[in-house]
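Asks: Okay, handing you the structure first.
The values are calculated or read from the model by the stated rules, or taken from the named source; none is laboratory data. Not measured: the values here are computed from a predicted model. Positions of Cβ are backbone-derived with ideal geometry, glycine not excepted, and every protein chain shown enters the neighbour counts.
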Amino acid sequence: MVRHGLMVVGDPYAGKSSIIRTLQQAMSQIKDDPNFVNVQTFFVNPKSITQNQLYGVFNLETQEWSDGVLAIKIRDCAESETPDRKWIIFDGPVDAVWIENMNTVLDDNKKLCLNSGQIIKLKPTMTIMFQVDDLS
């Protein structure tokens with residue numbers, strides 16, 4: 001509840017996904033404390049798609065911007081009116097290519113800046129998680 005960006009680190013099959021799922025279920029079941037509300041999780045494997053598919057791309061022929069899956073998911077979570085916590089979880093190794101665009105999301109600005117010029121502000125109920133093998 002303190003940070004909006006964090007890492008869950010461990011070897012493959014060490015139980016990282018199980019820990020996240022257990023914490024999600026536990027926080028969702030505590031009803032008497034206003035700090036604990038339902039938790040929604042959204043998993044993304046950033047290495048399984050291109051950077052354009054992840055963030056979005058501008059089509060030079062049509063002069064139109066097409067959002068990527070991350071832009072769509074972060075916008076959906078930011079525009080949601082529910083009090084639910086939203087955890088966007090990057091499941092896979094951190095890569096210098098795609099993580100560069102996450103700088104403003106993870107710093108105190110808490111904003112995703114897209115190449116289209118659009119800026120999506122994260123809500124306090126949103127958390128960005130990285131599920132990785134190591135910190136290299």
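Asks: Filter region 11-58 for residues that are in contact (Cβ under 8 Å) with a residue 60 or more places away in the chain and on the phi > 0 side of the Ramachandran plot and give the result.
Replies: GLY56
Asks: Another question, if that's okay. Exposed (fewer than 15 other Cβ atoms within 10 Å of the Cβ), of a type in the set (Val, Ile, Thr), outside any loop (DSSP other than H, G, I, E, B) and touching a residue at least 24 places away in the same chain (Cβ under 8 Å) - does that describe any residue in region 111-132?
Replies: No, there is no match, as no residue in region 111-132 is exposed (fewer than 15 other Cβ atoms within 10 Å of the Cβ), of a type in the set (Val, Ile, Thr), outside any loop (DSSP other than H, G, I, E, B) and touching a residue at least 24 places away in the same chain (Cβ under 8 Å).
Asks: Anything in region 29-42 that is more than 16 Å from CYS77 (Cβ to Cβ) and surrounded by 15 or more Cβ atoms within 10 Å (Cβ to Cβ)? List them, or say none.
Replies: Looking only at region 29-42, we keep the residues that are more than 16 Å from CYS77 (Cβ to Cβ), and these are 29-36.
Listed by number, the list holds a single entry, PHE36.
Asks: Which of the residues belonging to region 29-44 are assigned to a loop (DSSP other than H, G, I, E, B) and not β-branched (Val, Ile, Thr)?
Replies: Answer for region 29-44, where residues must be assigned to a loop (DSSP other than H, G, I, E, B) and not β-branched (Val, Ile, Thr): LYS31, ASP32, ASP33, PRO34, ASN35, PHE36, ASN38.
Asks: What number of residues within region 76-98 are out of contact with any Phe, Trp or Tyr (no Cβ under 7 Å at 6 or more places or on another chain), of a type outside the set (Gly, Ala, Ser), at pLDDT below 90 and under 17 Å from PHE43 (Cβ atoms)?
Replies: Number of matching residues: 3.
Asks: Which condition number in (1) in a loop (DSSP other than H, G, I, E, B); (2) over 24 Å from ASP107 (Cα atoms); (3) not polar (S, T, N, Q) is the one that ARG3 fails?
Replies: (2)
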